[in-house]
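The values are calculated or read from the model by the stated rules, or taken from the named source; none is laboratory data. What you see is a predicted model, and the numbers here were worked out from it, not measured in a lab. As a convention, Cβ positions derive from the backbone with ideal geometry for all residues, glycine included, and neighbour counts pool all protein chains shown.
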Amino acid sequence: MGRCNPYGYATDTGPKHLMGGIYGPEYAGRQVLLKDGIHGPAACDRQADRRMRLVCEVGHAGPVMDLCGTHAMEIMERMASCCTRCVWPDAARGLNEGSEYLCAEIGRAKLDGDTLRAGQLQAQLNDIARQMDDLYARGIIRKVPLKLVEVS
Ligand SMILES: [Zn+2]
Ligand SMILES: [Zn+2]
């Protein structure tokens, strides 16, 4: 077992564990900061002393991670609240991609000083937010807790 590698940093493939692998490394900074409240790349210097993976009750299993005790606890607290694959069905994923795009476009319109376009885009974004709420309300987006289990 090598060094603790909690979020897939310091590897060639980047933070592939993030959001169940939906997002590429280019999203890492924002996802890490906004969704999980972890600031900056979460590389770790400690030696891993356990090998673990996150599993949900439906049977989704995340990649095996080599972890130190501190990061095992941190992942339990921060990442284990819901299964990303259960929480992001295809419908929600499409909406989320739409909102990512709109957020970027709104930023660009504001930079250009185009308040009219920014307002129109914001209205579209609000509409996506309502559709997401609706998916939650109908139980299509589900929060399924994950358990961090040790693998031998
Ligand atoms: Zn660690
Ligand atoms: Zn799941």
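For region 57-77, indicate whether the set of residues that are of a type in the set (D, E, K, R), within 30 Å of ASN5 (Cα to Cα) and surrounded by 15 or more Cβ atoms within 10 Å (Cβ to Cβ) is non-empty.
For region 57-77, residues of a type in the set (D, E, K, R), within 30 Å of ASN5 (Cα to Cα) and surrounded by 15 or more Cβ atoms within 10 Å (Cβ to Cβ): present.
Checking the conditions here, which among ARG93, ARG50, ARG85 is out of contact with any Pro (no Cβ under 9 Å at 6 or more places or on another chain) and surrounded by fewer than 16 Cβ atoms within 10 Å (Cβ to Cβ)? Even if it seems obvious, please write down each step before you answer.
Numbers: ARG50 fails: surrounded by fewer than 16 Cβ atoms within 10 Å (Cβ to Cβ); ARG85 fails: surrounded by fewer than 16 Cβ atoms within 10 Å (Cβ to Cβ).
After applying the criteria, what remains is ARG93.
Among the residues of region 79-101, is any within 13 Å of ligand 1 (Cβ to nearest atom), of a type outside the set (Ser, Thr, Tyr) and modelled with pLDDT of 85 or more?
no
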